[in-house]
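The values are calculated or read from the model by the stated rules, or taken from the named source; none is laboratory data. Keep in mind that what you see is a predicted model, and the values were worked out from it rather than measured. All Cβ positions, glycine included, derive from the backbone under ideal geometry; neighbour counts span all protein chains shown.
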Amino acid sequence: MERIVKANDREYNEKFQYADNRIHTSKYNILTFLPINLFEQFQRVANAYFLCLLILQLIPEISSLTWFTTIVPLVLVITMTAVKDATDDYFRHKSDNQVNNRQSEVLIDSKLQNEKWMNVKVGDIIKLENNQFVAADLLLLSSSEPHGLCYVETAELDGETNLKVRHALSVTSELGADINRLARFDGIVVCEAPNNKLDKFMGILSWKDSKHSLNNEKIILRGCILRNTSWCFGMVIFAGPDTKLMQNSGKTKFKRTSIDRLMNTLVLWIFGFLICLGIILAIGNSIWESQIGDQFRTFLFWNEGEKSSVFSGFLTFWSYIIILNTVVPISLYVSVEVIRLGHSYFINWDRKMYYSRKATPAEARTTTLNEELGQIEYIFSDKTGTLTQNIMTFKRCSINGRIYGEVPDDLDQKTEITQEKEPVDFLVKSQADREFQFFDHNLMESIKMGDPKVHEFLRVLALCHTVMSEENSAGELIYQVQSPDEGALVTAARNFGFIFKSRTPETITIEELGTLVTYQLLAFLDFNNTRKRMSVIVRNPEGQIKLYSKGADTILFEKLHPSNEVLLSLTSDHLSEFAGEGLRTLAIAHRDLDDKYFKEWHKMLEDANAATEERDERIAGLYEEIERDLMLLGATAVEDKLQEGVIETVTSLSLANIKIWVLTGDKQETAINIGYACNMLTDDMNDVFVIAGNNAVEVREELRKAKENLSGQNRNVSNGHVVCEKKQQLELDSIVEETVTGDYALIINGHSLAHALESDVKSDLLELACMCKTVVCCRVTPLQKAQVVELVKKYRNAVTLAIGDGANDVSMIKSAHIGVGISGQEGLQAVLASDYSFAQFRYLQRLLLVHGRWSYFRMCKFLCYFFYKNFAFTLVHFWFGFFCGFSAQTVYDQWFITLFNIVYTSLPVLAMGIFDQDVSDQNSMDCPQLYEPGQLNLLFNKRKFFICVLHGIYTSLALFFIPYGAFYNVAGEDGQHIADYQSFAVTMATSLVIVVSVQIALDTSYWTFINHVFIWGSIAIYFSILFTMHSNGIFGIFPNQFPFVGNARHSLTQKCIWLVILLTTVASVLPVVVFRFLKVNLYPTLSDQIRRWQKAQKKARPPSSRRPRTRRSSSRRTNSSYLKIKDYGWSLS
């Protein structure tokens, strides 16, 4: 569906009912907030479940608890969520109003008038001034700059702070700032429908009986800022919600952790368990009613047959469902979110992840994934800007078969350049970049001697790019670059005397060895991830038409003329040498074009640009046609150094049994060299498999040979692995991986990867890759990066993390369980799409080994304790049912049931979930093997859950039967009978609060002031509320709500009651203490041993503490690793 817009004609445009320029990012208004918010909240299963319970409690026949026991926590949770949603929406309203009320100059009735943004309509002509935000998506008509140029900053759209150039059509740029001519402009634009593609626009302007094709270079998008341009005029094409900025503000895919998914399963199991308990008690009630209940009929004035035992059992079933619902309290979900929020703030506040050079802190951009950071098994990393600095320096080049950038030593041996050599003295010192240094004087001599090939090579570097130039206040030339590679090449050409000065839509001006030369720009063939090259077609002052091209050697070499064979062989050798040194390479080529041929080709290009269907395909075909029979000039090599701390981080993460896969667009040799530089690849590896097949058959064969080779080397361990059926392969992956000893690496290029990702080959790829310690994928596209991540996610059932810094990493970041963005040199696209962000790769070590491990450890501890205490609390009702005729009588005071989870036990468990740590952050970093329990899901799983349930059941038995036995036919100290229901309830409630408080004290590994206040304060609060609710004063005010008047004072003043409470507490806690004591001493975990070491170190307090050292085990993965604590250090063996 296309859009038709006529300039300066609101009446014509209104018939299409286009959206106005008002934006709404808010969700509610005053009238809709309550109904919509409540509807959203009750779509959550937990809230709907508790609402159903509340409705059941309002039915008198089955209501075993008063309605406030459920409504108080439910209203509390819904109110907290509603307040949070209302606050968020208030700020959205505020932001919307601020934006909608911005002022803009609009051409109305032949004069410029100030209008609010929200009143701007499609088809209006707007005037923008320097440093103003763009109000809507505009077609640029004219500007203050020559040739209708204007400069915009797109940081709000894609995070890139470098300036982009936009230029008006020559027919509209003539309108200038003439208001009368602009008011008479009545052009009609036919273009694509609103979409979210920031880098693409297709349309046609019809004006004065001629048609002009429109592309992205003619459009200024909402969210941009006009820079370095005094003014410009534009015609509104898309407004408000139709603008590309708003079209891109869709919701991000919601990610859930494995613990979330497990919790959902467990809640269903618990609900099933609850139904079973309800059925058992309902059957008991029916039997009791039929055998014993009849004896009470006369006493209760029931008529015969008025209430059948089956119906009584049915009602009792629902009553017990209400009573036992606290097995899964609503506070569980609230507590989980509070804990996650706390963990996110710890990441944001971590000074050790703060990058001072750029004042960039680490940022948790989501609060729902923290514990997943402690379970990562696979890391997928970009190379450029992630492992490396993405600060490019021109180091070497090959021109016409000769390498420049080396200095021969006295023995005529080629050596690397060192700082001891004298740098080149550049020709134009005043315009040279002072930071650029080059040490090979031969290149300068070739330039001075007028070598035509060298001059042409440097001319390509100065002409073939998208760099923008400007002068600062000191008159120095400043380059605005879209990629660091381009900046390095243009800067190199500048230092060698070929200085890029300026550009217009029709010309490029450079200074060649002191002489200004202006080239007519005839066509610009832009770079994309498919073409992997860019070209310019220019006419030089002599009238010759030249095509200059630079791009990936694998692509450009296919376009060369056959006469380049010898030079191609030489240059290929040089490229391999450059890549072997870890340098990034590009091939440089050119072609002389015939005037007549170019005119025919250009006419076809104009026709393709004007087409409305298959425009991109036709343009791509024409680009392919003219970029052939190229003549090779040489190649460039730029250096991209490793970031600080990359080697240590990679080593540490490898010791944590995390596999690192590098997915890069660089060529194979460069990626391999970087792999060796950061210790992902080592000379000690048993084998490095290189997959380079050109079709699916070759790739499959290479994969299987590599797998057989690997299995053959491990025959002594993995006794005769054979190639299985495809279905079996994926099932055997985990087994095969365990049996591999030694270290292996897999290298595969993008061309082979495309075949390997086909359905019948990917199982072979995955099996081999997962048996290798390191995988490097070279020359991969952004889509292939995402496909590799999806492959591992789907078939390995492992938690994945993707980390990158550029727009080409966004799809990979979104595909992985955890996406990490590095705020580097390539804008903020990766950061905006990520779950976590920071400035340097090295911070990933701390994010995973400290914050991730702690978050997982804390969340698991929290869940284990939470399920334990609620089973212990709730199942007492089940045992009481056998002694109260299954009458659904509650064993506790109803206010105690209401307050137990939201007051008496909520804060201690939150403190543990937020602050607890088994070992210090430094020891977590120093001993990466501590990370493994998270990968193996050892701290909270179905087995752990059942242990918590059994622990809770045992505690509930002790809580009920010890007081029951003690109270059986017992008199108090005053000779009165104390075995009444109210005293029994108070004793059990007090025992429960003390038992769960002692239990959490045992579970807490790291004590803070907050832990002490919350745990002992909760017990104090319990007693204060207990005595208040049982006091005469409150009974006088609410006699129906607080019937236990004086009971607490009466019961808790008797020694025998406190002996019962003590006995119950000891019986509940002693088995746990004994079990943990034996486990820590007989079968200590790595964490236990480090904690013991920490305590010993604290007591000893040596004058100078030695940093603990880790040494890798001889086998890749071992379960028999243990710590040897010696001299306050440890080593793995």
*From the residues in segment 683-699 that are surrounded by fewer than 19 Cβ atoms within 10 Å (Cβ to Cβ) and part of a helix (DSSP H, G or I), which one is nearest to the chain's Cα centre (by Cα)?*
ALA696
*Kindly list, by first and then second residue, each pair from a residue in segment 1020-1040 that is without any contact (Cβ under 8 Å) to a residue 12 or more places away in the chain and among the aliphatic types (A, V, I, L, M) to a residue that is assigned to a helix (DSSP H, G or I) and surrounded by fewer than 13 Cβ atoms within 10 Å (Cβ to Cβ), limited to pairs with Cβ atoms under 7 Å and residues at least 6 apart or on different chains.*
ILE1034/THR1028
*Name the pairs whose Cβ atoms lie under 6 Å apart, with the first residue in segment 206-234 and within 21 Å of ALA177 (Cα to Cα), the second of a type in the set (Ser, Thr, Tyr) and not in a loop (DSSP other than H, G, I, E, B), and 6 or more positions between them or separate chains?*
ARG227/TYR151; ASN228/TYR151; THR229/SER143; THR229/TYR151; CYS232/SER143; PHE233/SER142
*Residue match in segment 924-941 (condition: of a type in the set (D, E, K, R), surrounded by fewer than 17 Cβ atoms within 10 Å (Cβ to Cβ), at pLDDT 90 or above and under 40 Å from the mean Cα position of the chain (by Cα))*: no
*Does ILE55 meet the test of being closer than 30 Å to PHE1042 by Cα and modelled with pLDDT of 80 or more?*
yes
*What about PRO1071, is it assigned by TED's automatic domain parsing to the domain that holds THR898 and more than 30 Å from PHE961 (Cα to Cα)?*
no
*Output for segment 1041-1061, where each listed residue is within 23 Å of THR890 (Cα to Cα) and in a helix (DSSP H, G or I)*: ASN1047, ALA1048, ARG1049, HIS1050, SER1051, ILE1057, TRP1058, VAL1060, ILE1061
_Members of segment 170-180 that are in contact with a Leu (Cβ under 8 Å, 6 or more places away or on another chain) and either assigned to a loop (DSSP other than H, G, I, E, B) or under 11 Å from LEU107 (Cβ atoms) (or both)_ = LEU175, ILE179
*In the list LEU141, LEU149, LEU128, which residue meets the criterion of being under 18 Å from ASP9 (Cβ atoms) and either modelled with pLDDT of 95 or more or among the aliphatic types (A, V, I, L, M) (or both)?*
LEU141
*Being buried (at least 17 other Cβ atoms within 10 Å of the Cβ) and under 39 Å from the mean Cα position of the chain (by Cα) is the filter; apply it to segment 582-614 and report the residue that is nearest to VAL460 (Cα to Cα).*
ILE588
*Hey, among LYS211, LYS200, which residue is in a strand (DSSP E or B) and at pLDDT below 90?*
LYS211
*Identify, by number, the condition in (1) surrounded by fewer than 19 Cβ atoms within 10 Å (Cβ to Cβ); (2) over 24 Å from ALA816 (Cα atoms); (3) touching a residue at least 40 places away in the same chain (Cβ under 8 Å) that ASN657 doesn't meet.*
(2)
*With a cut-off of at least 1 residues that are in contact with a Phe, Trp or Tyr (Cβ under 8 Å, 6 or more places away or on another chain), name the helices (runs of 4 or more DSSP H) lying wholly within segment 8-93.*
33-41, 45-57
*What residue, of THR781, THR800, is of a type in the set (Ser, Thr, Tyr), buried (at least 23 other Cβ atoms within 10 Å of the Cβ) and in the same structural domain as ILE672 (by TED's automatic domain parsing)?*
THR800
*Name the one entry in SER319, SER331 that is modelled with pLDDT under 80, surrounded by 16 or more Cβ atoms within 10 Å (Cβ to Cβ), closer than 20 Å to ILE897 by Cβ and more than 21 Å from the chain's Cα centre (by Cα).*
SER331
*Run down ASP809, ASP764 and say which single residue is surrounded by fewer than 24 Cβ atoms within 10 Å (Cβ to Cβ) and among the acidic types (Asp, Glu).*
ASP764
*So is ILE660 in a helix (DSSP H, G or I) and closer than 25 Å to SER811 by Cα or not?*
no
*Name the residues in segment 181-207 that are more than 39 Å from the chain's Cα centre (by Cα) and polar (S, T, N, Q), would you?*
SER206
*asked:* I'd like to check something: does segment 397-419 contain any residue that is at pLDDT 75 or above, assigned to a loop (DSSP other than H, G, I, E, B) and in contact with a strand residue (DSSP E or B) (Cβ under 7 Å, 6 or more places away or on another chain)?
replied: yes
*asked:* Filter segment 457-491 down to the residues that are within 18 Å of GLY405 (Cα to Cα) and modelled with pLDDT of 85 or more and list them by number.
replied: PHE457, LEU458, LEU461, ALA488, LEU489, VAL490, THR491
*Please work out if THR651 is hydroxyl-bearing (Ser, Thr, Tyr), under 15 Å from CYS778 (Cβ atoms) and either outside any loop (DSSP other than H, G, I, E, B) or modelled with pLDDT of 85 or more (or both).*
no
*Going by the structure shown, is LEU182 touching a residue at least 60 places away in the same chain (Cβ under 8 Å) and closer than 16 Å to GLU614 by Cα?*
no
*Considering each residue of segment 492-537, count those that are within 44 Å of the chain's Cα centre (by Cα) and within 21 Å of LEU622 (Cβ to Cβ), and give that number.*
19
*Could you tell me which residue of segment 1048-1081 is farthest from the chain's Cα centre (by Cα), considering only residues that are β-branched (Val, Ile, Thr) and crowded, with 16+ Cβ neighbours inside 10 Å?*
ILE1057
*Which of the residues that make up segment 738-770 are assigned to a helix (DSSP H, G or I) and touching a His at 6+ places or on another chain (Cβ under 8 Å)?*
THR739
_Being loosely packed, with under 10 Cβ neighbours inside 10 Å, at positive phi and either modelled with pLDDT under 75 or under 38 Å from the mean Cα position of the chain (by Cα) (or both) is true for just one of ARG1107, ARG1101. Which residue is that?_
ARG1101
_Tally, over segment 1009-1021, of residues that are surrounded by 15 or more Cβ atoms within 10 Å (Cβ to Cβ) and closer than 23 Å to VAL1073 by Cβ_ = 5
